[in-house]
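Have a look at the structure below before the remarks.
FYI, it's all coordinate maths here, none of it is from the lab. Not measured: the values here are computed from a predicted model. When we count neighbours, we look across all protein chains shown, and the Cβ atoms used for this are built from the backbone with ideal geometry, even at glycine.
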Amino acid sequence: MDGNGRWAVNRGLPRIAGHRQGAQVVHDIVATAPAAGVSALTVFAFSTENWKRSADEVGSILHLFVTTVTKWLPDLVTQRVRVRVIGERSSLPPDVRTAVRVIETQTESGDGLHLNVALNYGGRAEIVHAAREFATACAAGRATPESLTESTFESNLWLRGEKSPDIVIRTGGESRVSNFLLWEMAYAEFFFLDVLWPDFTPDALNDVIRMFRKRNRRFGGA
Ligand code: FPP
């Protein structure tokens, strides 16, 4: 969801105003994604590298996530959205961790859109976490090195149980992956858009899906 800061600065507003508008866009995309054929949506809200920002901006982003998603809860439940947070939770502020638990519990029976929110997330951190879980299982005699396959490894990822993403969209004009879903995006189709996230719309999502349908995916085949 890149471009929130620039969107605000372009308007002479504080950066958090861009994140607020960005959150509103998440709301609109969640409401329209299922009709566009999307069954799972993972948004990158806060990376393991975002702690480098000012304490003010860090606190604002984390609490914006909590307050907005908590406010949306009744709507999310009606829309049968299941919310899950992926990332390293132990270093999140205690009130954020508590809110995450409440949001996940209240939406866990949602059988509609899966909304995964990456919070204190890094693709490398996710892979290290999965490797550590597997090593712990080996040390405890619950697994052996020979039992490690792509699928047993995946069962230890934070995004376990979700199909690999078909599409990765990065807004904001940069063409890089910035440590997002490194394992999961192996065969994803990439769309690097020159639009700032707060200007992203359901129509833009539909355009991406139309372009995606025209791509020739071979998954390594001839
Ligand atoms: C990237 O733009 C955006 C972020 C680091 C934060 C995104 C977080 C939210 C929208 C919070 C709400 C989340 C949900 C799921 C409701 P940037 O600040 O790097 O933009 P810039 O490159 O223009 O500075």
Flagged pairs (Cβ under 7 angstrom, 6 or more apart or on separate chains; first in the stretch 51-73, hydroxyl-bearing (S, T, Y); second surrounded by 13 or more Cβ atoms within 10 Å (Cβ to Cβ)) are S60/I16; S60/H19; T68/A23; T70/A99; T70/I103
Kindly evaluate R82 against the criterion of being within 18 Å of G112 (Cβ to Cβ) and either near the ligand (Cβ under 9 Å from one of its atoms) or within 16 Å of the chain's Cα centre (by Cα) (or both). yes
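Inside the stretch 121-222, counting only helices (runs of 4 or more DSSP H) that do not spill past its ends, which hold 2 or more residues that are under 18 Å from A36 (Cβ atoms)? Explain how you work it out, then say what you get.
Details: elements: 123-139, 150-154, 202-214.
Correct list: 202-214.
Name the residues in the stretch 36-57 that are assigned to a strand (DSSP E or B) and not polar (S, T, N, Q), would you? Steps first, answer last, please.
Kept after step one, since they are assigned to a strand (DSSP E or B), are these residues of the stretch 36-57: 40-47.
Selection gives A40, L41, V43, F44, A45, F46.
What number of residues within the stretch 1-35 are over 20 Å from V81 (Cβ atoms) and in a helix (DSSP H, G or I)? Walk me through how you get there before you give the answer.
Step one: list which residues in the stretch 1-35 are over 20 Å from V81 (Cβ atoms), which gives 2-21.
Now narrow it down to the ones that are in a helix (DSSP H, G or I): 4-10, 15-21.
Adding up the residues that qualify gives 14.
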* Asked: Residues in the stretch 58-66: is at least one under 30 Å from R213 (Cβ atoms), within 12 Å of the ligand (Cβ to nearest atom) and part of a helix (DSSP H, G or I)?
  -> no
Scanning the stretch 1-25 for residues that are more than 7 Å from the ligand (Cβ to nearest atom), more than 14 Å from V69 (Cβ to Cβ) and polar (S, T, N, Q) gives N10, Q21
